[in-house]
Amino acid sequence: MKKLVKNNVSWIGKVDWELQKFHGDDYSTHNGSSYNSYLIQEEKNVLIDTVWMPFGKEFVDNLASEIDLNDIDYIIMNHGEVDHSGALVELMKRIPETPIYCTANAVKSLKGQYHQDWNFNTVKTGDKLDIGNGKELIFVEMAMLHWPDSMATYMTVDNILFSNDAFGQHLASEKLFNDLVDQCDLFNEAIKYYANIITPFSPILRKKLDEIIALNLPIEMIATSHGMIWRDNPMQIVEKYIQWANDYQENQITIIYDTMWNGTKHVAEKIAEGIIAEDKDVVVKLFNLAKSDDNDLITEIFKSKTVLIGSPTVGNSVLHSIAGFIHMVKEMKFKNKKAAAFGCYGWSGGSVKVINEMMDKAGFEIIDDGFKNLWNPDEEMKNAAFEYGKNIAKA
Ligand code: FEO
């Protein structure tokens, strides 16, 4: 069902309430998501983005109930990833000659995925498309935000920025607009989205935000490709992105561990007590990696100034869960954060050194040589872990 966005612009996407995992199984979506497609009906009829492939037929049937598909003059593909381009395959069977406007890199990604030689028209930043009634679409390349093919499309007069993935959230709702949903849900999903998807590209984003602000285009709405449309104070999410893109951190220390027989867990808890004893203001959070969601932990690291990673020693190294998780952390390219390591051991004791080496390679400033405990911690070692926590708070 089509929903009015503004004047002659409608939403025609799909709300995916069931979605629990995205990017295969790589990203948790506890609150579902939506694939937002937009239909502009001015003198020219324009479709901006489509939906994920499993909903392709439903999408095209729905679209055809709103408009004669042959009356669609232009299709804009802001990004070629399958969650936005998947329904193109079904759509182009019905209207194979309709021109598709996208970046040169999107031609590559669309051809690479669907092996079709559709009627592509490549655009660059500043290119314009007249859609009648005195309105134009202006294209802005957004390379690496988050694919090389990404772009945004700005609609004049109505002053809508169709931003695609940028400023999005994986949040299912029938409400459509940012001011109509729970603000905690909205911002929790927005920061998780940034932390897990945009963080590696923060330096590129900083330049792009400057470029967009310098264009001086009035923005009355930011129509994303996932989640809510920002219509109430749309610049609030731009301001958040400016904060998040500048090596964001809160006054938080996060302790993440995995444990075999709870020794490392007990050390983690004592370190946390020590941190709190030293610094009453800092937020301390503990997570057992094996019982936590990886993407939620990435969000916690995003918010942290310091991260402690704990693992018992296994075969002179770490549990594979910890190794895999630090690999994920490394890919985020976090900046300006500190790290420390801890863990129990029975004989060789290599885990702490391995964690420090891995976190160093992941771009963290390593605070010290870490905290090692032989077998289970006794009272003396629990006190030592407590003191270690106090030192971490001071660091
Ligand atoms: Fe929502 Fe990069 O696709």
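With both labels modelled 7 Å from their Cα along Cα-to-Cβ, the Glu365 to Asp130 distance reads 5.7 nm.
A cut-off of 5 Å between modelled amide H atoms, ignoring neighbours fewer than 5 places along the same chain, links Phe371 with Ala341, Phe342, Gly343.
For region 21-100, run through the GluC sites (Glu not before Pro) and keep only the ones in DSSP coil with at most 13 other Cβ atoms within 10 Å of their Cβ. Those that pass, being in a loop and sparsely packed, are Glu43, Glu97. Select from region 1-54 those chymotrypsin sites (Phe, Trp or Tyr not before Pro) which occupy a DSSP coil region and have at most 14 other Cβ atoms within 10 Å, ordered by residue number. Within region 1-54, the qualifying chymotrypsin sites (Phe, Trp or Tyr not before Pro) (loop, at most 14 other Cβ atoms within 10 Å) are Trp17.
Write down the percent of antiparallel bridges among all DSSP beta bridges whose residues are both part of region 3-244, to the nearest 5. Present the calculation step by step, with values, prior to reporting the outcome.
Values: 28 of 41 bridges.
Taking every DSSP beta bridge with both residues in region 3-244, the antiparallel ones total about 70 percent.
Quick one: net charge around Ala64, please, counting Lys, Arg +1 and Asp, Glu -1 for every other residue with C-beta under 13 Å from its C-beta.
-2
If the label point is 7 Å along Cα→Cβ of Met260, which residues in region 321-349 have backbone nitrogen under 14 Å from it? Answer for this model: 321-322, 343-349. Just checking the listed ones, Pro218, Pro148, Pro312: in the Gaussian network model of the chain with Cα springs under 10 Å, the one fluctuating most is Pro218. Between Leu69 and Asp117, the contour length at 0.36 nm per residue exceeds the Cα-Cα span by 15.3 nm. Here region 259-366 is treated as a Stokes sphere of Kirkwood radius computed over C-alpha pairs; at 4 °C and 1.567 mPa s its diffusion coefficient rounds to 92 µm²/s. Given in Å, the Rg to one decimal and the Dmax to the nearest whole number for the Cα atoms of the chain are 24.2, 79.
Amide H contacts for Ile255 (H built 1.01 Å from N in the peptide plane; partners 5 or more residues away or on another chain; cut-off under 5 Å): Lys285, Leu286, Phe287, Leu308. When the chain is treated as a GNM with alpha-carbon contacts under 10 Å, the residue of Ala190, Ala384, Ala87 showing the greatest mean-square fluctuation is Ala384. 3J(HN,Hα) couplings calculated from phi for region 74-86 with the Karplus curve 6.51 cos²θ - 1.76 cosθ + 1.60 (θ = phi - 60°) are, in sequence order, 9, 10, 9, 10, 6, 6, x, 4, 4, 5, 10, 9, x Hz; Gly and Pro show x. Cα centroids of region 11-25 and region 303-359: 33 Å apart. Neighbours of Met235 by Cβ distance under 15 Å: Lys/Arg scored +1, Asp/Glu scored -1, total -3. Comparing mean-square fluctuations of Gly32, Gly56, Gly112 from a GNM of the chain with C-alpha springs under 10 Å, the top value falls on Gly112. The value of relative contact order for the chain, using C-alpha pairs under 8 Å at least six residues apart, is 11 percent. Calculated FRET efficiency, Ala395 to Ile213, Cβ-Cβ distance, R0 = 51 Å: about 0.90 to the nearest 0.05.
Taking amide hydrogens as placed 1.01 Å from N in the peptide plane, the amide H of Met221 sits under 5 Å from those of Leu161, each at least 5 positions away in sequence or on another chain.
When +1 charges are put on Lys and Arg Cβ atoms and -1 charges on Asp and Glu Cβ atoms, the dipole computed for region 252-394 relative to its Cα centre reaches about 340 debye.
Asp127: net charge of surrounding residues, Cβ under 14 Å, Lys/Arg +1, Asp/Glu -1, itself excluded? Summing Lys and Arg as +1 and Asp and Glu as -1 gives -1. Annotation: Met221 carries an accessible surface of approximately 10 Å², with a 1.4 Å probe and no ligand, DNA or RNA atoms counted.
Largest accessible area first, the residues Asp130, Asp149 order themselves as Asp130, Asp149 under a 1.4 Å probe with ligands, DNA and RNA left out.
In this view, the solvent-accessible surface of Thr156, computed with a 1.4 Å probe and all protein chains in place, comes to about 30 Å². Full extension of the segment from Met1 to Glu278, taken as 0.36 nm per residue of separation minus the current Cα-Cα distance, would add 94.1 nm.
The values are calculated or read from the model by the stated rules, or taken from the named source; none is laboratory data. None of these values were measured; they are calculated from a predicted model. Counting neighbours? That spans all protein chains shown, and the Cβs are built from the backbone with ideal geometry, glycine included. Accessible surface areas use protein heavy atoms only, side chains included; no ligands, DNA or RNA. Shrake-Rupley method; radii C 1.70, N 1.55, O 1.52, S 1.80 Å.
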